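Working notes, structure below.
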Ligand code: PMP
């Protein structure tokens with residue numbers, strides 16, 4: 001009778017599903033790796049588990065310790081559920097721009113949430129960064145995972161996400177597409193897939209090509225950190241978790257393209273996912289089109305795996321709200337069901 005002893009044991013082993021509607025007409029097989037089926041609802045459960053286990057092994061995190069991290073979202077949920085299993089207190093620091101809903105999710109898992117003002121510079125004592133550093137210093141037994149610099153983030157993907165993709169595509173994957181936030185996903189998964197396919201014959205697809213997807217304006221695709229609305233991806237600095245030698249290229253995608261595709265994934269593919277998923281799919285489809293233009297034979301055997309990091313429920317009042325989309329200039333006409341006049 002197989003069952004888990006705790007939900008945190010069910011992290012990983014996420015499925016691949018073919019994108020049939022948004023990729024229709026393309027010769028390549030485009031497969032989405034659906035990370036929202038992880039217990040905490042995102043890809044970040046993977047790094048949470050690995051970072052905590054590694055800190056326990058190194059002695060940085062001891063029984064009864066406290067996990068302190070500046071995070072408002074997916075990483076916090078992953079750490080909260082792993083921490084709960086292992087008896088650690090969790091203290092997360094969020095800027096006040098983070099929605100009440102997101103803070104409530106973390107509290108629902110039993111975490112403590114400290115809210116800091118957004119409108120102060122990073123070196124201000126009340127800033128998100130200063131407060132989390134101070135708490136990590138002052139709380140006895142505190143440990144700060146620091147997902148932006150922790151090598152166990154990429155390592156978790158090297159050990160799990162990469163091998164799952166290789167196994168589930170039966171060694172036929174030719175391209176990996178992933179959004180870049182901390183860079184952990186693309187660095188670890190991409191490095192594994194490149195290593196495992198290093199000697200594969202050209203006729204079988206050659207070495208896996210790794211393609212980053214990035215919000216236009218972010219540093220990874222050559223921007224200067226200019227603001228964008230898609231969440232969880234893009235940066236205005238270069239985190240240590242990102243190895244820029246892994247991606248062969250990075251494709252920039254605008255917010256408008258990302259959000260339009262995010263809505264299409266829900267309506268056409270039954271995939272209610274977040275905005276960084278729409279972004280990654282836009283990059284994957286652009287890649288598929290280019291391969292087809294350049295080399296029809298390569299397109300026919302291309303197996304493009306695109307990572308969908310989280311689900312869409314956290315974005316109902318944003319990407320899936322016509323009013324919000326219109327306010328930000330993304331929608332011409334309302335599309336949320338029939339207008340009252342039509343019903344009458
Ligand atoms: N999408 C979302 C919604 C995320 O929360 C993250 C993590 N910041 C990413 C994509 C990118 O993943 P990574 O940090 O591994 O680059």
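The values are calculated or read from the model by the stated rules, or taken from the named source; none is laboratory data. Please read all numbers here as calculations on a predicted model, not as lab measurements. Cβ sites come from the backbone with ideal geometry, for glycine too, and all protein chains shown count toward neighbours.
Okay, residues lined up against (1) at pLDDT below 95; (2) within 16 Å of the ligand (Cβ to nearest atom); (3) in contact with a strand residue (DSSP E or B) (Cβ under 8 Å, 6 or more places away or on another chain):
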position	(1), (2), (3)
85	yes, no, no
90	no, no, yes
94	yes, yes, yes
111	no, no, yes
119	yes, no, no
127	yes, no, yes
133	yes, no, no
142	no, no, yes
162	no, yes, no
| Scan of segment 1-14 for residues that are within 27 Å of residue 303 (Cα to Cα) and in a loop (DSSP other than H, G, I, E, B), ordered by number | 11, 12, 13, 14
| said: Among the residues of segment 245-259, what is the count of those that are touching a residue at least 24 places away in the same chain (Cβ under 8 Å) and in a loop (DSSP other than H, G, I, E, B)? | reply: 4
| query | When segment 148-159 is examined, which residues are found to be near the ligand (Cβ under 10 Å from one of its atoms) and either in contact with a strand residue (DSSP E or B) (Cβ under 7 Å, 6 or more places away or on another chain) or more than 10 Å from residue 241 (Cα to Cα) (or both)? | reply | 156, 157
| query | If only one of 17, 77, 68 is crowded, with 18+ Cβ neighbours inside 10 Å, outside any loop (DSSP other than H, G, I, E, B) and away from the ligand (no atom under 16 Å from the Cβ), which one is it? | reply | 68
| task | Give segment 272-286 a look and list any residue that's assigned to a loop (DSSP other than H, G, I, E, B) and either within 12 Å of the ligand (Cβ to nearest atom) or under 12 Å from residue 309 (Cβ atoms) (or both), or say none. | result | 274
